[in-house]
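Okay, structure first, notes after.
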Amino acid sequence: MTSIPEAERAGRGRLAAAPEKASVSPRDWRNALWVAPLVFSLIVTTVYPTIFLVSLALTKSTLGKPFGAFVGLKPITRALFDPNFHSAVLKSVLFAFSSAIVELVIGFALASLFVALLKAGRYLLTLVLLPLMTPPVMVGIAWKLILAPSGGLLNGILLSWGVIDQPMSFLASPVPAWLSIGVADLWQWVPFVTILCFAALVSLPDGVREAAQIDGAGPWQRLRHVILPLVAAPLASIFLLKLIIGFKLFDLVYVLTFGGPGFTTTNATFGIWRLAFEQFDVGRAAAQTLIFAIVIGIVTIPVVRLHKRASEYYS
Amino acid sequence: MTRPSTRILQAFAALLAVGFFLLPVAYLLSVSFKRPDDVLTGRFWPTDPTLANWPAAFEATSLSTFILNSVVVSVLSGVLTIAITLPAAYAMIRLGIGKKFLPQATLASYIAPPIVALLPFFFLLKTIGLLNTHAGLILVNGLLNIPVAFWLIAPFLRRVPAEIEEAAALDGANRFRTLVSIVAPMIAPGIAATSIIVIILSFNEFLLASGLTLSDSMRTLTVGISLFQGDRLVNFGQMAAASLAGIVPIYAIALLMQKHLVEGLAHGGVK
């Protein structure tokens with residue numbers, strides 16, 4: 001759905017005849033064997049959960065006893081009119097978009113920097129693999145240690161520089177708590193964005209930069225009119241990918257704030273998890289999951305469209 | 001050419017950024033050598049380093065069981081993912097099976113967050129008797145990582161020259177033989193990078209592992225660590241040591257394979 005169209009176009013350019021020549025008679029039943037396990041697993045991971053969640057949402061279901069009495073649309077309407085659930089979904093959406101935008105900007109800037117540094121940049125690029133390989137739970141723990149009110153590195157530094165008089169508890173007030181989650185997420189995912197942006201930038205034709213420089217374009221003009229249009233399509237893919245990853249936020253919330261203080265950092269995923277595994281109200285959790293999935297679909301569609309237009313217009 | 005002063009500024013900015021990306025891991029490492037009262041100073045370096053936290057972390061929790069569970073689950077689920085994805089990706093990309101729809105459906109399935117799969121898989125595993133087992137986690141991780149593996153491996157398959165397969169076909173090799181003995185060795189770096197990335201994804205996975213395991217003997221590392229934070233491991237030094245113990249091997253693999261990993265990720269994203 002995402003990177004397929006332009007990928008196929010690129011493939012066609014180079015290996016024009018390959019798929020046609022190699023393709024086999026479509027009526028051959030043995031062809032189906034190649035993809036049968038994949039099709040089966042797609043059904044198990046998408047179709048089955050959807051049907052299952054719908055049936056859970058329509059019945060009185062607990063973790064121990066699913067599919068009790070039929071209750072109709074009650075769990076669904078309840079979720080639709082639940083202000084706490086509204087705000088949890090809103091937080092998920094805002095987090096996904098704002099983290100994707102900020103991380104794309106930083107990742108792109110960093111990738112440009114690494115490209116400018118030539119060989120040294122490539123070495124530095126491999127060093128930033130580390131955050132990407134770190135389990136989010138451990139990322140959360142590392143940042144929790146840095147942000148801790150007593151003995152945290154950040155408080156230690158701020159105190160010794162005289163910026164603050166007494167330790168601050170960053171995770172105990174709403175805005176700093178969200179910022180902390182954002183910084184931890186940024187730490188984990190900017191390297192990924194940087195690697196992808198780096199690849200997009202080094203695949204630019206060699207002459208592009210020099211030509212623009214000879215024309216007397218300043219650095220900003222070069223970026224705006226020469227480089228950005230050329231990498232618009234990959235940047236749109238990267239944005240879409242990070243957006244999707246952003247909706248999956250769970251581990252950092254669990255470790256850093258556990259949804260608190262109060263419910264301020266409870267996003268949709270975390271709220272649903274608590275509903276199912278702490279209150280065992282599986283019916284309601286299923287209803288909320290379905291609505292959350294639909295919301296993700298609705299807010300992602302414009303981005304997918306944009307991505308499609310970017311890859312058609314700029315390539 | 002860029003002026004020398006700009007050069008220095010660029011190098012400085014890059015080093016600053018890399019410092020930021022290494023700092024939390026370095027701090028975790030430093031804290032793992034600190035004594036309890038030393039942790040409270042909020043300084044970076046330990047004043048009186050100790051090795052005691054590392055063995056203590058293993059004694060205070062079932063850390064070695066958690067690590068073993070994570071390794072078993074992630075490696076075997078990686079094998080499952082590749083075993084399903086490689087032939088399917090080959091068939092879709094080189095033989096045109098599944099037309100345009102199947103590749104798009106495979107990638108689109110990645111959009112749904114894992115929370116969608118959690119409850120259905122909980123009851124599925126319970127029904128087939130695989131809840132709280134390695135096999136259950138292997139199955140779930142193995143299937144859910146297929147879209148990522150397809151996304152990573154597809155660009156490598158696209159670059160295999162068509163002539164090679166034609167030659168193999170003339171020689172009378174069937175398509176499966178062609179994949180196994182000709183195409184797979186050619187894209188070995190891509191398969192290696194994809195395998196490592198999906199193994200690390202399973203190793204790092206938390207939400208599903210926390211919902212689908214019920215006893216300490218089945219917990220994976222991430223779940224074990226999350227449960228012990230603020231419980232038995234109130235000691236920051238031990239918590240840091242425990243967090244690092246299981247991920248050090250991952251770092252070692254990542255640094256050894258860095259070239260393939262960067263290449264694998266880069267190809268997937270852009271081409």
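The values are calculated or read from the model by the stated rules, or taken from the named source; none is laboratory data. Just so we're clear, the structure is a prediction, and the values are computed from it rather than from any experiment. Because the Cβ atoms are built from the backbone with ideal geometry, glycine has one as well, and the counts that use them run over all protein chains shown. In case anyone asks, the SASA skips ligands and DNA or RNA and just uses the protein heavy atoms, side chains included. Shrake-Rupley method; radii C 1.70, N 1.55, O 1.52, S 1.80 Å.
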All positions within the stretch A:236-250 that are assigned to a helix (DSSP H, G or I) and not basic (Lys, Arg) | A:Ala236, A:Ser237, A:Ile238, A:Phe239, A:Leu240, A:Leu241, A:Leu243, A:Ile244, A:Ile245, A:Gly246, A:Phe247
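From the list A:Ile76, A:Ile51, A:Ile101, exactly one residue is open to solvent by 20 Å² or more (accessible area, probe 1.4 Å), within 10 Å of another protein chain (Cβ to nearest Cβ) and in a helix (DSSP H, G or I). Which is it? Explain how you work it out, then say what you get.
Working: A:Ile76 fails: within 10 Å of another protein chain (Cβ to nearest Cβ); A:Ile101 fails: within 10 Å of another protein chain (Cβ to nearest Cβ).
Within the list A:Ile76, A:Ile51, A:Ile101, the selection yields A:Ile51.
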Any idea which of B:Pro120, B:Pro161 is at the interface with chain A (Cβ under 8 Å from one of its Cβ atoms) and open to solvent by 40 Å² or more (accessible area, probe 1.4 Å)?
-> B:Pro161
Out of the stretch A:161-186, which residues are β-branched (Val, Ile, Thr) and either open to solvent by less than 80 Å² (accessible area, probe 1.4 Å) or in contact with a Gly (Cβ under 8 Å, 6 or more places away or on another chain) (or both)?
-> A:Ile164, A:Ile181, A:Val183
Identify, by number, the condition in (1) open to solvent by 20 Å² or more (accessible area, probe 1.4 Å); (2) within 29 Å of A:Val47 (Cα to Cα) that B:Leu137 doesn't meet.
-> (1)
Being surrounded by fewer than 17 Cβ atoms within 10 Å (Cβ to Cβ) and on the phi < 0 side of the Ramachandran plot is the filter; apply it to the stretch B:72-107 and report the residue that is nearest to the chain's Cα centre (by Cα).
-> B:Val75
Mind counting the residues in the stretch A:236-269 that are at the interface with another protein chain (Cβ under 10 Å from one of its Cβ atoms) and open to solvent by 10 Å² or more (accessible area, probe 1.4 Å)?
-> 8
Only one of (1) away from chain B (no Cβ under 12 Å); (2) within 16 Å of A:Ala285 (Cβ to Cβ) does not apply to A:Leu94, and that is (2)
Please list, ordered by first then second residue, the pairs with beta carbon atoms under 7 Å, 6 or more apart or interchain, first in the stretch A:184-206 and facing chain B (nearest Cβ under 8 Å), second among the aromatic types (Phe, Trp, Tyr) and open to solvent by less than 10 Å² (accessible area, probe 1.4 Å).
-> A:Trp187/B:Phe21; A:Pro191/B:Phe21; A:Phe198/A:Phe114
Matching residues in the stretch A:109-138 - criterion: being more than 12 Å from B:Val262 (Cα to Cα) and β-branched (Val, Ile, Thr) | A:Val115, A:Thr134, A:Val137
Per the list (1) surrounded by fewer than 20 Cβ atoms within 10 Å (Cβ to Cβ); (2) within 14 Å of another protein chain (Cβ to nearest Cβ); (3) part of a helix (DSSP H, G or I); (4) in contact (Cβ under 8 Å) with a residue 12 or more places away in the chain, residue check on A:Phe108 breaks on (1)
Please tell me if B:Pro147 is of a type outside the set (S, T, N, Q), part of a helix (DSSP H, G or I), open to solvent by less than 50 Å² (accessible area, probe 1.4 Å) and touching a Lys or Arg at 6+ places or on another chain (Cβ under 6 Å).
-> no
Does the stretch A:122-158 hold any residues that are crowded, with 16+ Cβ neighbours inside 10 Å and more than 25 Å from the chain's Cα centre (by Cα), and which are they?
-> A:Ala148, A:Gly151, A:Gly152, A:Leu153, A:Leu154, A:Asn155, A:Gly156, A:Leu158
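Residue-wise test of (1) more than 8 Å from chain A (Cβ to nearest Cβ); (2) at pLDDT 90 or above.
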position	(1), (2)
B:Ser5	yes, no
B:Phe20	no, yes
B:Pro24	no, yes
B:Tyr27	no, yes
B:Phe44	no, no
B:Ile84	no, yes
Number of positions in the stretch B:53-103 that are within 24 Å of B:Asp216 (Cα to Cα) and free of Cβ contacts under 8 Å to residues at least 40 places away in the same chain = 4
Residues within the stretch A:285-303 that are touching a Ser or Thr at 6+ places or on another chain (Cβ under 9 Å) and open to solvent by 20 Å² or more (accessible area, probe 1.4 Å), tallied | 3
Residues in the stretch B:7-49 that are open to solvent by less than 20 Å² (accessible area, probe 1.4 Å) and in a loop (DSSP other than H, G, I, E, B): how many?
-> 3
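Suppose we keep only residues that are open to solvent by 40 Å² or more (accessible area, probe 1.4 Å) and part of a helix (DSSP H, G or I) within the stretch A:79-91. Which one would you say is nearest to the other protein chains (Cβ to nearest Cβ)? Even if it seems obvious, please write down each step before you answer.
At the first step, the residues of the stretch A:79-91 found to be open to solvent by 40 Å² or more (accessible area, probe 1.4 Å) are A:80-81, A:83-84, A:86-87, A:90-91.
Narrowing the set further to residues that are part of a helix (DSSP H, G or I) leaves A:80, A:83-84, A:86-87, A:90-91.
On the way: A:Leu80: 18, A:Pro83: 20, A:Asn84: 17, A:His86: 17, A:Ser87: 17, A:Leu90: 16, A:Lys91: 14 Å.
In this case the residue turns out to be A:Lys91.
Taking the condition of being β-branched (Val, Ile, Thr) and either more than 16 Å from B:Pro147 (Cβ to Cβ) or outside any helix (DSSP H, G or I) (or both), how many residues in the stretch B:62-115 meet it?
To start, the set of residues in the stretch B:62-115 that are β-branched (Val, Ile, Thr) comprises B:65, B:67, B:71-73, B:75, B:79, B:81-82, B:84-85, B:93, B:97, B:106, B:111, B:115.
After this cut, where a residue has to be either more than 16 Å from B:Pro147 (Cβ to Cβ) or outside any helix (DSSP H, G or I) (or both) as well, the list is B:65, B:67, B:71-73, B:75, B:79, B:97, B:111, B:115.
Residues flagged as β-branched (Val, Ile, Thr) and either more than 16 Å from B:Pro147 (Cβ to Cβ) or outside any helix (DSSP H, G or I) (or both) within the stretch B:62-115 amount to 10.
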Quick one: A:Ala310 ticks every box in (1) closer than 29 Å to A:Met138 by Cα; (2) of a type in the set (A, V, I, L, M); (3) in contact with a helix residue (DSSP H, G or I) (Cβ under 6 Å, 6 or more places away or on another chain) bar one, so which box is it?
-> (1)
Looking at the stretch B:188-225, which of the residues that are open to solvent by 10 Å² or more (accessible area, probe 1.4 Å) and free of Cβ contacts under 8 Å to residues at least 60 places away in the same chain is nearest to the chain's Cα centre (by Cα)?
-> B:Asn204
